[in-house]
Amino acid sequence: MVPYPHEMRQLPYPNYKFIPLGHYNSPYAEGWRPWSNGAIESDMRYRSPEPQRLTFVLVHGSWADAHFWDGVAAVLRSQGHTVYTPEYAGHGNDSNKDVTHAMITKSVVDFITKRNLFNFVLVGHSFGGTVIQKVAEQVPDRIKRLVFWDAFVLKDGESLADELPPQTRQGFEQLRASSKDDTIMLPFPLFRDLFVNTATLVEAKRMYESVTPEPAKPLFEKLDLKVFYELPTPKSYVYFNQDNALPQGEGYGWNPHMSTRLGQFRLIVGDGDHFTDTRTRPDMVAQKIYEAGRD
């Protein structure tokens, strides 16, 4: 940006003639400094306030485990935040894929209560949105704010599968039927187009190496969410505008289709897809989650 020439600077107040020469500087000029007469705070805290220190509980989604958050959690911790990344039933080191949505929820609730966590920001990504909906029903007094990042916000009585486009749901049903343990394994072309569409091919293949079959039953279970929709807990929605896991528009998608179900909520928008940025730009993802969680 080219600094304004000195003679072109315009002062914003009609009594500018009473401002001593040199006490007003354009913020676009080289060497600018705040006013010294108290009209604007004279230190940089006015421009760069100290970040609020928060506690985060990060809940991953389908075809992922707690390691999904490794890069983001490291950035948040380096900034002074406390971060927990619970592993839930049927994922990570748990080889038992015969799990229910209630078992998954219990995993996260037990993680929270055993560590006696309070006043934390509970974040859910993708399928994790349905998990934090049910977790919030069980420990509402412990949660400072709920954050849904490109996450499902189900209506009372819905399943996640009810929110999928017909073609996607049919594909999941076929994959489920062809499995031997009631799981769904994403074929690479589907994972590449829907989950990591902004990644390079090399990055996409590397991320696919960590993908494991997803327990199918929790995706098709209808959830009673009457209690959730009575909770006064503050809520935020983080929306990445290149996320193609759900189609944009046509009665689907993350925002506003899912987000507006939260009633009053804070919207934070980022530029990314469903999976890639946790690996390639964890600092950006961490910043968006922080913006969604702070007071």
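Couple of notes before you dig in:
- Assuming charge only on the beta carbon of Lys and Arg (+1) and of Asp and Glu (-1), the dipole of the range 151-295 about its Cα centre is about 120 debye to the nearest 20.
- A DSSP coil position with no more than 15 other Cβ atoms inside 10 Å describes the following trypsin sites (Lys or Arg not before Pro) in the range 218-249: Lys222, Lys226.
- Segment Val202-Asp110, extension gain: residue separation times 0.36 nm, minus the distance between their alpha carbons: 29.3 nm
- Tensor-based shape of the range 133-282 (alpha-carbon gyration tensor, a/c under 1.5 rounded, otherwise prolate or oblate): oblate
- Accessible surface of the range 138-279 [probe 1.4 Å, protein heavy atoms]: carbon and sulfur percent: 52
- Centre-to-centre separation between the Cα atoms of the range 172-238 and those of the range 72-87: 23 Å.
- Looking at the range 108-214, the chymotrypsin sites (Phe, Trp or Tyr not before Pro) that sit in a DSSP loop and have at most 13 other Cβ atoms within 10 Å of their own Cβ are Phe118.
- The heavy atoms of Glu163 offer some 10 square angstrom of accessible surface to a 1.4 angstrom probe.
- Looking at the range 92-151, the trypsin sites (Lys or Arg not before Pro) that sit in a DSSP loop and have at most 16 other Cβ atoms within 10 Å of their own Cβ are Arg115.
- In plain terms, the chain from Asp193 to Tyr229 could stretch by 9.6 nm, reckoned as 0.36 nm per residue minus the Cα-Cα distance.
- Pairs exceeding a 21 Å alpha-carbon distance, out of Lys114/Lys155; Lys106/Lys134; Lys134/Lys217; Lys155/Lys288: Lys114/Lys155; Lys155/Lys288.
- Surface accessible to a 1.4 Å probe, per residue, for the residues of the range 113-200, Å²: 41
- With a simple spin-label model that places each label point 7 Å from the Cα along the Cα-to-Cβ direction, the separation between Asp98 and Gln52 comes to 4.6 nm.
- Stretch gain in nm, segment Phe118-Glu291, where the contour uses 0.36 nm per residue and the Cα spacing is subtracted: 60.3 nm
- Förster radius 22 Å - calculated FRET efficiency between Ala177 and Asn244, Cβ distance, rounded to 0.05: 0.30
The values are calculated or read from the model by the stated rules, or taken from the named source; none is laboratory data. Everything numeric here is computed off the predicted structure, so don't read it as measured data. With ideal geometry, Cβ positions are generated from the backbone for all residues, glycine too; neighbour counts draw on all protein chains shown. Surface areas here come from the heavy atoms of the whole protein model, side chains and all, with no ligands, DNA or RNA. Shrake-Rupley method; radii C 1.70, N 1.55, O 1.52, S 1.80 Å.
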